[in-house]
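This report refers to the structure that appears directly beneath it.
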Amino acid sequence: MVVVVATSAAPALAGSFELSLLGGLRMGGELEDGLTGEYRSVEASPSFGLAIGLPLEPERILEVVWTHQEGQVDGASADGGPVSFDLDTVGIGGTADWRRGRWRPFLSGTAGVTVLSPEQPGFDTAVLFTMTLGGGAKVPISPKLGLRFEGRGVFMLATSSTSGVCGGGRCVLSFSGSGIVQLELLTGLTWSL
C-alpha cells in the first residue's frame, strides 16, 4: 500500500502492448456424480495465468487471456477418493477503462474455450465454450509497471449434449445444458512494453 500511495502521481501505463502475470483463486461450480446422481462442488483452488493486451484506444485494450486451475471434486471416484482435472481457459476479448489516474477501473470480457483434462488415465478431455465477464482496477506504479486486481465470472458450456470427466463409456462427473459457473479472483503485475 505504501508503494501505491507514494506513486499516486505516476502516469497511466502506456506502450505498444501490455503483459500481465496473474495469480489468484478460482471457486464454485458443480458437477453431477455419475454413480449417485448427486451434485458435487468443485473445490476452490489457486489459479494463475497470463494476459497479453494490445491497446486499440487509450481506454480500450484487446486482450488474449489464459488461466489455469487444478480442479478437484472430493468423493466422486468409484473408491470414494477425489477426481482431479485441469481447467485451461483461453479467451479473446478486452478491457474498457473509464478513468485515467491513480486507479484505472475497468470492465472485462472474453469469449473462448476451456479444456477440461482429467488427471486420471482412461478419461477423455472435454472442450467447453467459455465466456468471462468481470471488472477490476489497474494501479500504475511507474510509467511501465502496474498492479492489476480483477474479479470475473467464468461461464463454461458443454459443446456436446453431455460432457465432464468421461471415458470407457461412462462419466464419473458430468454436466449438461447449464454447464459450470465459477468465480475467479486475480491479482498480478502488468508491464507496458
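Summary of values
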| read-out | value |
| --- | --- |
| Gained length - GLN72 relative to LEU183, 0.36 nm times residue gap less alpha-carbon distance | 38.4 nm |
| Relative intensity, log₁₀ I(q)/I(0), of segment 51-114 from a Debye sum that treats every alpha carbon as a point, q = 0.17, 0.21, 0.25 Å⁻¹ | -0.68, -0.83, -0.99 |
| Virtual spin-label span in nm between PHE48 and MET27, 7 Å along Cα→Cβ | 2.1 |
| Relative contact order (%) - segment 35-193, alpha-carbon pairs under 8 angstrom, separation at least six | 16 |
| LEU145 paired with LEU107, simple spin-label distance in nm, labels 7 Å along Cα-to-beta-carbon | 3.3 |
| Extension gain from MET131 to TRP98, taking 0.36 nm per residue of separation minus the Cα-Cα distance | 9.7 nm |
| HN-Hα J in Hz across segment 90-103 - Karplus 6.51, -1.76, 1.60, θ = phi - 60°, x for Gly and Pro | 10, x, 10, x, x, 10, 10, 7, 10, 7, 9, x, 4, 10 |
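All of the numbers you see were taken from the coordinates with simple rules; none came from a lab. Small disclaimer: the values here were computed from a predicted structure and weren't measured. Counting neighbours? That spans all protein chains shown, and the Cβs are built from the backbone with ideal geometry, glycine included.
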